[in-house]
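Down below is the structure, laid out as structure tokens.
The values are calculated or read from the model by the stated rules, or taken from the named source; none is laboratory data. Predicted model, so just to flag it, every value in this text is computed and none were measured. Positions of Cβ are generated from backbone atoms using ideal geometry, with glycine treated the same way; all protein chains shown enter the neighbour counts. The accessibility values were calculated without ligands, DNA or RNA, using every heavy atom of the protein model including side chains. Shrake-Rupley method; radii C 1.70, N 1.55, O 1.52, S 1.80 Å.
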Amino acid sequence: MRILYFARIRQITGRGQEDVDVPPDIATVSALIDFLAARDAGCAAAFADRRTLRAAVNQKHVPLDAPLSGAQEVAFFPPITGG
């Protein structure tokens, strides 16, 4: 699965994207966050406050409890504000 990181999350993790072999028991975006955060300190720091996270699965905005079935790409980014 391709994982994309944007804005602050990209800065903290030190990467913009990566391809990850996600175990089959990872069924939701939230479980994916747990899996990624357990891998290294950068991801743990980037995902520490879920209130500041937004996600998109296959380029569609989804809540963090959204299922991953059929996901080929998951993007993480901070809340978007306008002005």
Of the residues in the stretch 30-53, those that are surrounded by fewer than 14 Cβ atoms within 10 Å (Cβ to Cβ) and of a type in the set (A, V, I, L, M, F, W, C) come to A38, A41, A45, A48
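Being in a helix (DSSP H, G or I), in contact (Cβ under 8 Å) with a residue 60 or more places away in the chain and of a type outside the set (D, E) narrows it down to one of I9, I3, so name that one. Break it down stepwise before answering.
Working: I3 fails: in a helix (DSSP H, G or I).
Sole residue among the options that is in a helix (DSSP H, G or I), in contact (Cβ under 8 Å) with a residue 60 or more places away in the chain and of a type outside the set (D, E): I9.
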Does V57 satisfy the condition of being open to solvent by less than 50 Å² (accessible area, probe 1.4 Å), touching a residue at least 60 places away in the same chain (Cβ under 8 Å) and in contact with a strand residue (DSSP E or B) (Cβ under 6 Å, 6 or more places away or on another chain)?
-> no
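Out of curiosity, is A44 in contact (Cβ under 8 Å) with a residue 12 or more places away in the chain and outside any loop (DSSP other than H, G, I, E, B)?
Details: in contact (Cβ under 8 Å) with a residue 12 or more places away in the chain: no; outside any loop (DSSP other than H, G, I, E, B): yes.
Criteria not met by A44.
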Which condition breaks for T52 when tested against (1) out of contact with any His (no Cβ under 8 Å at 6 or more places or on another chain); (2) at pLDDT 95 or above?
-> (2)
State whether the residues of the stretch 15-29 include one that is of a type in the set (K, R) and either touching a residue at least 40 places away in the same chain (Cβ under 8 Å) or open to solvent by less than 20 Å² (accessible area, probe 1.4 Å) (or both).
-> no
The correct count of residues that are out of contact with any Pro (no Cβ under 7 Å at 6 or more places or on another chain) and more than 14 Å from I3 (Cβ to Cβ) in the stretch 39-61 is 9
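I'd like the residue in the stretch 64-74 that is open to solvent by 80 Å² or more (accessible area, probe 1.4 Å) and in a loop (DSSP other than H, G, I, E, B) and, out of all such residues, is farthest from I26 (Cα to Cα). Before the answer, list the steps.
To start, the set of residues in the stretch 64-74 that are open to solvent by 80 Å² or more (accessible area, probe 1.4 Å) comprises 65, 67, 69, 72.
Okay, now just the ones that are also in a loop (DSSP other than H, G, I, E, B), so 65, 69, 72.
Values: D65: 12, S69: 9, Q72: 13 Å.
Ranking the candidates gives Q72 first.
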